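Engineer: Could you have a look at this structure, given as structure tokens, before my questions?
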Amino acid sequence: MSGLSGRRAPVNRLVVLGRSSSRPAAPPRAGEVWLVGAGPGDPELLTVKALRILQSADVVVHDRLTPPAILDLARPDARLIDVGKRKSRHTLPQEDINRLLTALALDGLTVVRLKGGDPFMFGRGGEELEACRAAGAVAHVVPGVTASLAAAAAAGAPLTHRGLAQAVTFVTGHAASGETPELDWTSLARTNQTVVVYMGLSTAPAVAGNLMAAGRAGSTPVLIVENASLPGERRVASTLLGLAQAVEGLDGPAILIIGETAALADVAPPVREPAAVPAALVGGVR
Ligand code: SAH
């Protein structure tokens, strides 16, 4: 795990890039909602801006899967609200989350709504932003590293690559109904493009079947990355034909990268090097 995990002292030293941002300081303005991309899980993949805003928050509203190492970066006196933890393990309904965010902001608090990956990539961030605006609360968005970019980076499988993929399409494998979504399989089946599937583990066999029925070769390489950037990261190389079998036994959050570039993936177990806070970030703050 990264050197940032859970330890406040080094983290405070991290808030640093130059004098102007070297203080956790006063919130940018009172009474605002910040939809902040928390990245795929590794705290080192937070942006510097995400870290700064997180450290200015009075309240942090987060999901069940937000890693503790990221929550540890909030101000020690910040209130943490888990909208994923309820008796039945159901998440709070989206409307209730929207109401909570706006009520807190209209109360004058600086609210960080932490979203996994990027708030606008299959994250319902758009709905939360609309709700805040409709209620008259000031809201901002801080982008984050979306899971598929972390997955591609971990395995060294580019999503576009000269001669192999001139386009990439991000799709969800999970329709609101729980079924396989209605996608334009004919267009997705064309070669020389990468198809990235979020929430696609349970529907992977159907996704592969639809792509092959629309003409994509069964030999098309597929990379599966489970828990990208986290200590339990797993990478599996497969093909469309073998996908149904390849996903068996995987149950963590996973990304499917389908296309010729997936063949470039390194699926050896990740080597984790001890993380050191770069001197350039630490400099001057002792
Ligand atoms: N907004 C998020 C996506 C939310 S949808 C983002 O930008 O990444 C939830 C899906 O994201 C999961 O089902 C899985 O497909 C993917 N995901 C999230 N975190 C992941 C991780 N660490 N490794 C692999 N996939 C992940």
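The values are calculated or read from the model by the stated rules, or taken from the named source; none is laboratory data. Being a predicted model, the structure only gives us computed values, none of them experimental. Counting neighbours? That spans all protein chains shown, and the Cβs are built from the backbone with ideal geometry, glycine included.
Engineer: Sort through Asp184, Asp251 and tell me the only one that's of a type in the set (Asp, Glu), under 23 Å from Gly39 (Cα atoms) and more than 10 Å from the ligand (Cβ to nearest atom).
Structural biologist: On the way: Asp184 fails: under 23 Å from Gly39 (Cα atoms).
Sole residue among the options that is of a type in the set (Asp, Glu), under 23 Å from Gly39 (Cα atoms) and more than 10 Å from the ligand (Cβ to nearest atom): Asp251.
Engineer: Which of the residues that make up the range 134-160 are within 11 Å of the ligand (Cβ to nearest atom) and farther than 23 Å from Thr261 by Cα?
Structural biologist: Result: Pro143, Gly144.
Engineer: Please work out which residue is farthest from the ligand (Cβ to nearest atom), limiting yourself to the range 105-133 and to residues that are assigned to a loop (DSSP other than H, G, I, E, B) and surrounded by 23 or more Cβ atoms within 10 Å (Cβ to Cβ).
Structural biologist: In this case the residue turns out to be Pro119.
Engineer: For the range 32-64, which residues satisfy the criterion of being of a type in the set (S, T, N, Q) and either part of a strand (DSSP E or B) or without any contact (Cβ under 8 Å) to a residue 60 or more places away in the chain (or both)?
Structural biologist: Those that are of a type in the set (S, T, N, Q) and either part of a strand (DSSP E or B) or without any contact (Cβ under 8 Å) to a residue 60 or more places away in the chain (or both): Gln55, Ser56.
Engineer: Using the structure shown, decide if Ala167 is modelled with pLDDT of 95 or more and under 16 Å from Val236 (Cα atoms).
Structural biologist: Working: modelled with pLDDT of 95 or more: yes; under 16 Å from Val236 (Cα atoms): no.
So Ala167 does not fit the description; no.
Engineer: Among the residues of the range 136-164, write down those that are assigned to a strand (DSSP E or B) and crowded, with 21+ Cβ neighbours inside 10 Å.
Structural biologist: Those that are assigned to a strand (DSSP E or B) and crowded, with 21+ Cβ neighbours inside 10 Å: Ala139, Val142.
Engineer: Just to check your reading of the model, which residue among Thr91, Thr110, Thr146 is within 16 Å of the chain's Cα centre (by Cα) and of a type in the set (Ser, Thr, Tyr)?
Structural biologist: Values: Thr91 fails: within 16 Å of the chain's Cα centre (by Cα); Thr110 fails: within 16 Å of the chain's Cα centre (by Cα).
Only one candidate qualifies: Thr146.
Engineer: Please indicate, with yes or no, whether at least one residue in the range 217-224 is assigned to a loop (DSSP other than H, G, I, E, B), among the hydrophobic types (A, V, I, L, M, F, W, C), in the same structural domain as Arg162 (by TED's automatic domain parsing) and over 19 Å from Gly117 (Cβ atoms).
Structural biologist: yes
Engineer: Here's a follow-up. Could you tell me which residue of the range 162-172 is farthest from the ligand (Cβ to nearest atom), considering only residues that are in contact with a helix residue (DSSP H, G or I) (Cβ under 9 Å, 6 or more places away or on another chain) and under 10 Å from Phe122 (Cβ atoms)?
Structural biologist: Going through the qualifying residues, I end up with Val171.
Engineer: Right, another one. Go through (1) small (Gly, Ala, Ser); (2) loosely packed, with under 14 Cβ neighbours inside 10 Å; (3) farther than 30 Å from Thr194 by Cβ and name the single condition Ala78 misses.
Structural biologist: Status for Ala78: all satisfied but (2).
Engineer: Please go through the range 181-207 and pick out each residue that is more than 18 Å from Asp251 (Cβ to Cβ) and outside any strand (DSSP E or B).
Structural biologist: If the condition is that a residue be more than 18 Å from Asp251 (Cβ to Cβ) and outside any strand (DSSP E or B), then Pro181, Glu182, Leu183, Asp184, Trp185, Thr186, Ser187, Leu188, Ala189, Arg190, Thr191, Asn192 are the ones that fit.
Engineer: Right, Val83: in the same structural domain as Asp118 (by TED's automatic domain parsing), more than 16 Å from the ligand (Cβ to nearest atom) and closer than 26 Å to Glu226 by Cα or not? First the steps, then the outcome.
Structural biologist: Numbers: in the same structural domain as Asp118 (by TED's automatic domain parsing): yes; more than 16 Å from the ligand (Cβ to nearest atom): no; closer than 26 Å to Glu226 by Cα: yes.
Against the criterion (in the same structural domain as Asp118 (by TED's automatic domain parsing), more than 16 Å from the ligand (Cβ to nearest atom) and closer than 26 Å to Glu226 by Cα), Val83 does not qualify.
Engineer: One residue is enough: does the range 10-29 have a residue meeting the conditions at pLDDT 95 or above, under 18 Å from Cys132 (Cβ atoms) and not β-branched (Val, Ile, Thr)?
Structural biologist: no
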